[in-house]
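Here the structure comes first, spelled out in structure tokens, and everything after it is commentary.
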Amino acid sequence: MKHNADVIVIGLGIIGSGAALELSRRGLKVVALDAFPPKHTNGASHGQSRIIRKAYFEAPDYVPLLHRTYQMWRQLEQESERDLMTLNGALFVGAVNSELVAGSLKSARMHGLEHELMNAEQLTKRFPAWRLTSDMVAVYEPGAGTLYADACWTAQLMLAQKMGAHLRFGAPVISWSATDSAVSVRTKETEYVADKLVVCPGPWAPELLGGLDVGFRIQRRVNAFFKPAHPEKVSIDKFPSYCIETDGKFYYGLPAIGEQGLKVGRHDAGESCTAATVNRVVDDNEIGELKAFVEHFLPGQFDVCLDATTCLYTLTPDEHFVIDVHPEHGNVFVAAGFSGHGFKFGPVVGEILADLVAAGCTGHSIDCFAINRSAVRSSTAKRCADYKSFIE
Ligand SMILES: Cc1cc2nc3c(=O)[nH]c(=O)nc-3n(C[C@H](O)[C@H](O)[C@H](O)COP(=O)(O)OP(=O)(O)OC[C@H]3O[C@@H](n4cnc5c(N)ncnc54)[C@H](O)[C@@H]3O)c2cc1C
């Protein structure tokens, strides 16, 4: 059968659009399919902002990838002539032995990242909107900050198209299959055939990668946006992005950008669902919980809730990504399970996928993201495990 392309990409979220762009840069003929229109709100990549940071509490192994992804976002800024990233800093707040604080410090120290450790009083002196309890500390990473998510996604899609990728929106994939010599992808109207396939399904991972023994779990998350009482105190030039671990709960947020208000969300909890069945309506109790958090740690700074949205996490059991060759098909590549922290990696994951497709290997260290990582006896996987036991 005649091949339509060298590579088919399924999914054009921040990960698939990064892959389509980097594959096209290598001169490969790419057809990329998405079920929905550009920048839809049904998956995980929509919205105005995401945190970018290098003092990575999840594991220091991510830091080399973060160095590269920062470079790539700056390159995309130049190529797209859009502002994509502001380094307004980030705060990682909690008890000194919390996973968030200990993990951020460990990554920062191991990789020589610029950071400061502050107690509650020092933090309020430096960033007057904050009030912590005396048992809390904050790691401040000045080189962290904010990605303008909507602009980032637009830039990757636009540049992929400019590089020659054929982007097909409103094209839900019904099924895919692979033989040794070809892959085939079916939509309602068309069958596409190519040499290789890249699957970037976001929260549709259980449907598109059902055969993989990963244990993906899909969960709903809520973001609320609060109107600042004193906008000058919480604008992006004065207010760092933040993550806070308190009383066994994990919150995060970003400064007020434009008219949108302060962003707040809960990272560690949300209803289980599927991408098809998720409840998109946010109720008053959910907003109330986020408002109580804001009133406690940023008293008098925020007023009414301007907006509330939902988004989906695709969690793996250890909350590390899956980036790998499909175990049954050497010509199929998988990038999934970004576990609520994948946006910032869009460009570098695109580069890794392009390396795997074009060369069969990558210079980036990705053993940690192997599908069958418990069986991967590599030093990288061991470092992840050692690191987890260190912070526990
Ligand atoms: C509330 C929230 C806050 C977050 N905050 C941060 C943060 O601060 N920093 C950070 O780095 N990360 C953050 N993340 C995580 C990050 O946004 C995600 O990891 C990332 O967007 C995942 O991108 P994706 O491309 O894998 O998924 P998606 O964006 O969901 O893309 C998957 C695409 O595949 C398409 N697709 C699926 N099935 C089919 C099919 N059958 N046919 C055709 N197309 C299909 C979908 O339509 C979709 O467009 C956050 C996530 C959420 C939900």
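The values are calculated or read from the model by the stated rules, or taken from the named source; none is laboratory data. Because the structure is predicted, anything quoted here is derived from the model rather than measured. Glycine also receives a Cβ, built like all others from the backbone with ideal geometry; neighbour counts cover every protein chain displayed.
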Selection count, the stretch 220-236, where residues are closer than 30 Å to ALA276 by Cβ and of a type outside the set (A, V, I, L, M, F, W, C): 3
Which strands (runs of 3 or more DSSP E) does the stretch 1-103 wholly contain that include 2 or more residues that are touching a residue at least 24 places away in the same chain (Cβ under 8 Å) and either in the same structural domain as VAL222 (by TED's automatic domain parsing) or away from the ligand (no atom under 14 Å from the Cβ) (or both)? 5-10, 90-94
Within the stretch 160-213, residues more than 14 Å from the ligand (Cβ to nearest atom) and surrounded by 21 or more Cβ atoms within 10 Å (Cβ to Cβ) come out as ALA165, VAL183, ALA194, LYS196, LEU212
Residues of the stretch 118-135 that turn out to be surrounded by fewer than 20 Cβ atoms within 10 Å (Cβ to Cβ) and in a helix (DSSP H, G or I), as a count: 6
Among (1) more than 26 Å from ALA269 (Cβ to Cβ); (2) surrounded by fewer than 22 Cβ atoms within 10 Å (Cβ to Cβ); (3) over 16 Å from the mean Cα position of the chain (by Cα), ALA151 falls short only on (3)
Here's a check for you: in the stretch 220-266, which residue that is touching a residue at least 60 places away in the same chain (Cβ under 8 Å) and polar (S, T, N, Q) is farthest from GLY145 (Cα to Cα)? THR246
